[in-house]
1. To the nearest 20 debye, what charge dipole does the chain have about its Cα centre, counting +1 at the Cβ of each Lys and Arg and -1 at the Cβ of each Asp and Glu?
2. Residue separation times 0.36 nm, minus the C-alpha to C-alpha distance between residue 119 and residue 37: what's the value?
3. May I have the count of lysine pairs in the chain with C-alpha atoms under 12 Å apart, counting pairs 8 or more residues apart or located on different chains?
4. Can you give me the distance in nm between label points at residue 150 and residue 54, each placed 7 Å from the Cα along the Cα-to-Cβ direction?
5. Lys/Arg Cβ at +1, Asp/Glu Cβ at -1, dipole of the range 26-174 taken about the Cα centre: which of 49, 144, 168 is farthest positive-ward?
6. Check which residues have an amide H placed less than 5 Å from residue 139's amide H, if you skip close sequence neighbours.
7. Taking the radius of gyration and the Kirkwood hydrodynamic radius from Cα positions alone, what is the Rg/Rh ratio for the chain, to two decimal places?
8. Which stretch or stretches of the range 36-63 have amide N atoms under 18 Å from the point lying 7 Å from residue 175's Cα along the Cα→Cβ direction?
Amino acid sequence: MKKNIFSILSLMLLLFAASSCEKEAIGGTATEATAGDWYVTMAAVEENGDVFDEDWFGLGYHHVITFNTAANKSSEMWLSDEGYNSDYFPYKVKVNVDAANATFKVEAADNELANNHVTVTGGKIVKNGTKTPSGVAADYIEFYITFDNDTYPAGYGFASYKVSGYRYTGFTADE
């Protein structure tokens, strides 16, 4: 009898433990397809898109991030260089997203990292659209950015900055 009670209690405990281990699926964010860590360069470009200077500020590859807003809407995301360009024009702006086409833009948005307004045009993300320095296929990002208080473009004869690069891969050779 004691053996049967012990067996029944053991079976109940096992069933309880097994049923309590089920995990709920964790969902992604609304901007999951466009969110990411990016290694980019910042070129000065003319109005027609021709490159005026490959690396105007001498930054080389640097880090930019795209991520969802607190509202978690697929129609908006944050775009930020995390203050990397602190000596020049750091930026963190909320951009409008067309999730179906993986494009983004904004006009005269408040910059959270500086006292200016930022315009982003031609923003796009292309899945597997480029190769990294190590030769791995990665998502490609590109956008044009201007700052309302930036005197360099008018002073030196170019129109805006083209920011372009690839999604972070985790490979040391790509950093």
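1. 1380 debye
2. 27.5 nm
3. Qualifying lysine pairs in the chain: 4.
4. Going from the residue 150 label point to the residue 54 one covers 2.0 nm.
5. Of 49, 144, 168, it is 168.
6. Amide H neighbours of residue 139, under 5 Å, 5+ apart: 128, 129, 167.
7. Ratio of gyration radius to Kirkwood radius for the chain: 1.28.
8. Residues 36-41, 60-63 fall inside that zone.
Bear in mind these aren't lab numbers, they're just calculated from the coordinates by the rules spelled out. Values in this document were obtained by computation on a predicted structure and should not be read as measured data. So basically every Cβ, Gly included, is an ideal-geometry build from the backbone, and we count neighbours across all protein chains shown.
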